[in-house]
Structures are given as structure tokens and as C-alpha cells.
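*Asks:* This is the structure, below, for whatever I ask next.
The values are calculated or read from the model by the stated rules, or taken from the named source; none is laboratory data. What you see is a predicted model; the values in this text were computed from it and never measured. Neighbour counts are summed over all protein chains in view; Cβ atoms, including those assigned to glycine, are modelled from backbone coordinates with ideal geometry. Surface accessibility is based on the protein's heavy atoms, side chains included, excluding ligands, DNA and RNA. Shrake-Rupley method; radii C 1.70, N 1.55, O 1.52, S 1.80 Å.
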Amino acid sequence: MFLSKLVLDPAHPQARRALANPYEMHRTLSRVYAESPDGPPARFLWRLEHTGNHLPEDGTTVLLQSATPGRWRCLQELTGYLHALYPDKAVALDELLQPGRSYVFRLCCNPTVTRNGKRYGLLREEEQVAWLARQGRQHGFTPLHARIARSEHDTHHQGRGGQRITLQVVQFDGLLRAEDPAQLGQALVNGIGHAKAMGLGMLSIAPGHG
């Protein structure tokens, strides 16, 4: 797995459009992971680090996790788009993930439940925490402690003039224990939950204590 960090200049018009709409951001980042301009991107996950309702003048951070290295020239050629680029830090998941080990984590996601064939966002804290526990059982980890740092409705248009989409966005910060490293590794690469193109579902971890 590869970790990358971008710091975008919010004064750049194209960066500002991407920061305002996750579909624009996903379309821009897809170019980094496509083998050709018209080709489909390899799998990647991204997350815009939340800064509230303002864009900091010193740049806005986007984190990425991918199964393959990126082709960053397409962004580097956009003069002024990037404040900084820290690309493709390789992470050996078989060394990082050990059964029974604890990890600090962050997950910005779209907790949902399906009823009568329709998907609904979970609004209550106890429902969101229960959703995280279910995801843990499915993806090889146990949440030891989880704090809801953010829970809000997020509305965007699907592309320019496209369908209006509203999602319940929840950010969990906390500590988890690895139960099945293989399943947890798949969750790191593939993400958790829905709306991954919207910058949701990326699980970030770092070794904790114990």
C-alpha cells in the first residue's frame, strides 16, 4: 500500500473547485492513478482533512491510500495547484498489521442501513457506534475506543449540474485492535462503507500502545 499527502493551494481556481465539490476532487485525483488520460483509475481512497467552514491560507491537506504508486506529473504541471506533495510512501501491511496489536485510527465515513431496498444514513450516535462495531467484525478489527469528532449532513451536486446528493458524514477517531490482519489490510486498501468517490471510507491507522 502507498500513502500520499497533498497540500493544495485554495487560491488556485482549479484547487478551489475540487475543494468545494468531492466529485471534482475525485475526477482530478483519478488522473493520478490512470495509466492513460482516457483510462480508468486504479483503486485509490482519499480524504480531505476537515478544517471546518474555511480554507486555510497555508493550504488544505488531502490524504490518499492506494494499491499502486501515483503518476503525479499531471498535478505538478498545474502551476500553483500544490503547496506541497509527499508521494507514495510504501507501507508493508504484513509488517504493520499484527494480531492483537492496537492502532490509533481515523475513519471519515457514511454509516448507513438498508431498509426495504433503500439506503438511509444513521443519525443517532448509538446507531453510528453500533455500525462501526459491525464494520469491525466484518473487516477484522475491534474498536476499543471511538470518539465521533464530526457528524453532519453534506450536500453536493454529482458533477456540474448533476443530481443533488446528501450524505450523512461521520468522522470517528479512536483506538482499534487488529483481530484478523488479512481482513484489516483489505479494509485499508478497499475502504469501508459507501461513497468512496466522495472522499469517504478511508481508514487511516498508526501503531498505538500495547
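*Asks:* If the requirement is being free of Cβ contacts under 8 Å to residues at least 24 places away in the same chain, under 30 Å from Glu152 (Cβ atoms) and among the hydrophobic types (A, V, I, L, M, F, W, C), which of these qualifies: Val113, Val62, Val32, Val104?
*Replies:* The conditions single out Val113.
*Asks:* Right, another one. For Gln98, indicate whether it is without any contact (Cβ under 8 Å) to a residue 24 or more places away in the chain and either closer than 22 Å to Gly185 by Cα or more than 17 Å from the chain's Cα centre (by Cα) (or both).
*Replies:* The answer is no for Gln98.
*Asks:* Filter the range 173-190 for residues that are within 12 Å of the chain's Cα centre (by Cα) and open to solvent by less than 10 Å² (accessible area, probe 1.4 Å); which is nearest to Pro207 (Cα to Cα)?
*Replies:* Taking the candidates together, the pick is Leu188.
*Asks:* Still on this structure, I have one more. Does Gln76 fit the bill of being more than 15 Å from the chain's Cα centre (by Cα) and over 23 Å from Met198 (Cβ atoms)?
*Replies:* So Gln76 fits the description; yes.
*Asks:* Going by what's in this entry, would Tyr86 be described as of a type in the set (Ser, Thr, Tyr) and over 28 Å from Arg134 (Cβ atoms)?
*Replies:* Judged against the criteria, Tyr86 is a match.
*Asks:* Please tell me if His153 is in a strand (DSSP E or B), free of Cβ contacts under 8 Å to residues at least 60 places away in the same chain, open to solvent by 90 Å² or more (accessible area, probe 1.4 Å) and farther than 21 Å from Ala20 by Cβ.
*Replies:* Values: in a strand (DSSP E or B): yes; free of Cβ contacts under 8 Å to residues at least 60 places away in the same chain: yes; open to solvent by 90 Å² or more (accessible area, probe 1.4 Å): yes; farther than 21 Å from Ala20 by Cβ: no.
No.
*Asks:* Now, a different point. Please report, ordered by residue number, the helices (runs of 4 or more DSSP H) entirely within the range 33-149 with at least 1 residues that are out of contact with any helix residue (DSSP H, G or I) (no Cβ under 9 Å at 6 or more places or on another chain), among the polar types (S, T, N, Q) and open to solvent by 100 Å² or more (accessible area, probe 1.4 Å).
*Replies:* 73-76
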